[in-house]
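J.: Following this message is one structure expressed as structure tokens.
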Amino acid sequence: MADAPFENMLAQMDRAKEYADVDDGIFERLKHPERTLKVTLPVELESGDVEVFEGYRCQFNSARGPFKGGVRFHPSVTQREVEALAGWMTWKTALVDLPYGGAKGGVICEPKELTDRDLERLTRRYTEGIRRMIGPETDVPAPDMNTNPQTMAWMMDTYSMYEGHTVPQVVTGKPLEIGGTPGRVEATGRGVSIVTGRLFEYLDRDLTDATVAIQGFGNVGSNAAKLLDEAGARIVATSDVTGAAYDPDGLDVDALDAHVAAGGLIDEYVAGTLRDVPTGDGDRNDDRDRSRWDAPEMLSNDELLTLDVDVLIPAAVEGVITEANVHDLRASAVVEAANGPTTVAADKVLSGRDVQVVPDILANAGGVIVSYLEWVQNAQEFSWPLETVNAELERRIGTAFDQTIEQYDEKDLPDLRTAAYTLALERTASAHEYRGLFP
Ligand code: GLU
């Protein structure tokens with residue numbers, strides 16, 4: 001199980017290799033991470049207890065430039081998962097043509113059980129653990145699951161303390177006040193919304209009133225929901241660990257966002273809206289009364305995945321669309337906001353059924369694109385307005401989308417993932433070829 005994401009990534013590579021112009025020897029090199037550091041992190045918690053955590057930083061490939069990739073805090077983190085995620089970062093940065101390699105970090109912990117003080121100590125200790133590996137020109141971390149601008153501020157500060165001067169460029173996704181860029185927080189969600197729009201254009205379909213189900217309402221899911229809602233799509237379901245809120249007429253995304261931003265859970269939101277349905281003069285269960293109110297019903301996360309919608313957006317963890325549920329999937333398109341949400345076995349079924357899947361390395365690349373724009377601004381010691389950042393994000397992710405479609409159509413490839421992977425593998429392999437094999 002722990003190896004599943006890595007095995008999945010290798011299987012995705014193998015699938016694309018058939019169509020990619022990549023030398024066998026170089027392909028073999030691309031299957032192995034350059035290095036992974038494992039660190040032991042003893043932390044004195046606010047409670048007075050000492051807990052020993054474990055963390056990783058994997059540097060997968062640097063043929064195209066410095067390593068780049070987020071850090072996640074999650075109980076299910078494993079070394080192999082971090083290595084898979086670092087591999088996906090390599091293919092992602094290559095596909096969207098950023099001058100980076102791929103990396104990823106992770107700490108095994110349950111952030112919900114830690115206080116802010118505990119999280120700060122854990123972040124600083126982890127940064128100390130990996131600080132010999134990272135740096136503005138070597139490896140640049142960023143936020144991922146359960147990490148955010150505050151986490152990046154602590155990482156930047158810890159690294160800078162050792163350097164003896166402030167080094168904003170060592171991480172991206174920082175708060176604006178210390179070298180962050182406008183638009184980074186929403187960037188991944190914005191990218192998801194842009195590629196969904198582009199997919200609909202390609203399929204000659206109208207996004208207005210298209211139904212969308214989004215698994216996960218964290219930073220990526222919620223921002224994608226808001227932007228797609230603004231673009232006229234109907235967000236009919238979204239979820240968190242407590243389950244999914246479903247309303248075929250469309251959820252009130254802003255109300256849900258305000259509830260979740262204030263620390264609320266989806267099941268509480270659904271229960272709260274039901275309480276708000278007025279009894280009026282009539283029957284509380286009167287359909288005519290209820291239909292006037294935004295009263296979603298509660299579904300499980302599995303039920304969300306099989307809703308009959310136009311677009312399914314997995315925006316949570318990896319490995320959720322599998323051989324076990326793919327036959328029940330009814331969405332006509334899947335846009336992968338999460339990293340690695342679809343197994344290769346499920347992929348083959350979807351591709352056989354002509355369900356268009358926009359692969360993770362394209363769909364969720366908005367985050368790392370804007371990370372790059374932040375890094376460039378830090379290097380220039382110059383800051384750009386939000387409009388410039390958003391226009392550059394749209395241009396870059398749009399180009400990658402067009403190139404993927406062109407590859408898919410011209411080479412008559414089985415699906416968009418294969419098209420994206422052939423481009424990413426060929427670009428990385430070509431960098432290896434030019435650089436040669438040391439010594
Ligand atoms: N964690 C994000 C990802 O999976 C962003 C990485 C970055 O900005 O470096 O793409």
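Taken together, the values in this text are just the output of simple stated rules run on the coordinates, not laboratory data. The shown structure was predicted, so the numbers you read here are calculated from the model rather than taken from an experiment. All Cβ positions, even for glycine, are placed from backbone atoms using ideal geometry, and neighbour counts span all protein chains on display.
J.: Given the chain, what count of lysine pairs have C-alpha atoms under 20 Å apart, with each pair 8 or more places apart or on different chains?
T.: Lysine pairs meeting the criterion: 15.
J.: In whole Å, how far is the Cα centre of the stretch 391-405 from that of the stretch 24-58?
T.: Taking the Cα centre of the stretch 24-58 as reference, the centre of the stretch 391-405 is 33 Å away.
J.: Let me ask you something else. Between Arg427 and Asp328, what is 0.36 nm times their sequence separation minus the Cα-Cα distance? Round to one decimal in nm.
T.: The Arg427-Asp328 span can extend by a further 32.0 nm.
J.: Okay, moving on. Between Arg395 and Asp24, with labels modelled 7 Å along Cα→Cβ, what's the label distance in nm to one decimal, could you check?
T.: Output for this residue pair reads 4.3 nm.
J.: Something else about it: One quarter of the convex hull surface, Cα atoms only: what value does that give for the stretch 48-136 in nm²?
T.: 6.2
J.: Which residue, Gln403, Gln380, Gln215, tops the fluctuation ranking in a GNM of the chain built on C-alpha contacts under 10 Å?
T.: Its mean-square fluctuation being the largest, the pick is Gln380.
J.: Please compute P(r) over all alpha-carbon pairs of the stretch 296-376, binned at 5 Å starting from zero, and give each bin as a whole-number percent.
T.: 3, 15, 25, 25, 13, 8, 6, 4, 1, 0
J.: For the chain, take every pair of Cα atoms, bin their distances at 20 Å starting from 0, and report each bin as a whole percent.
T.: The percentages, shortest bin first, are 26, 57, 16, 1, 0.
J.: Residues of the stretch 333-355 with backbone nitrogen within less than 11 Å of a virtual label 7 Å along the Cα-to-Cβ line of Ile405, please, listed as ranges.
T.: Label zone hits: none.
J.: Between beta-carbons, use under 11 Å as the cut-off and find the net charge around Thr115, counting Lys and Arg +1, Asp and Glu -1.
T.: -2
J.: For Lys348 and Ser383 in one chain, what is 0.36 nm times their gap in residues minus the Cα-Cα distance, to one decimal in nm?
T.: Once the chain is fully extended between Lys348 and Ser383, it gains 8.2 nm.
J.: Another one. Expected output is a single nm value to one decimal: the length gained when fully extending between Glu230 and Ala255, i.e. 0.36 nm times separation in residues minus the C-alpha distance. What is it?
T.: Result for the pair: 7.6 nm of gain on full extension.
J.: Applying a 10 Å radius around every beta-carbon, put 347-356, 238-247 in order of their mean neighbour count, most first.
T.: 238-247, 347-356
J.: Mind listing the Cα extents of the stretch 153-227 along all three principal axes, in Å, largest one first?
T.: 55, 22, 16
J.: From zero up to wherever the largest Cα-Cα distance of the stretch 187-273 sits, split into 5 Å bins and tell me the percent of pairs in each.
T.: 3, 15, 28, 25, 16, 8, 3, 1
J.: Report the convex hull volume per residue for the stretch 14-165, counting only C-alpha atoms, in Å³.
T.: In the stretch 14-165, the Cα hull volume divided by residue count equals 113 Å³.
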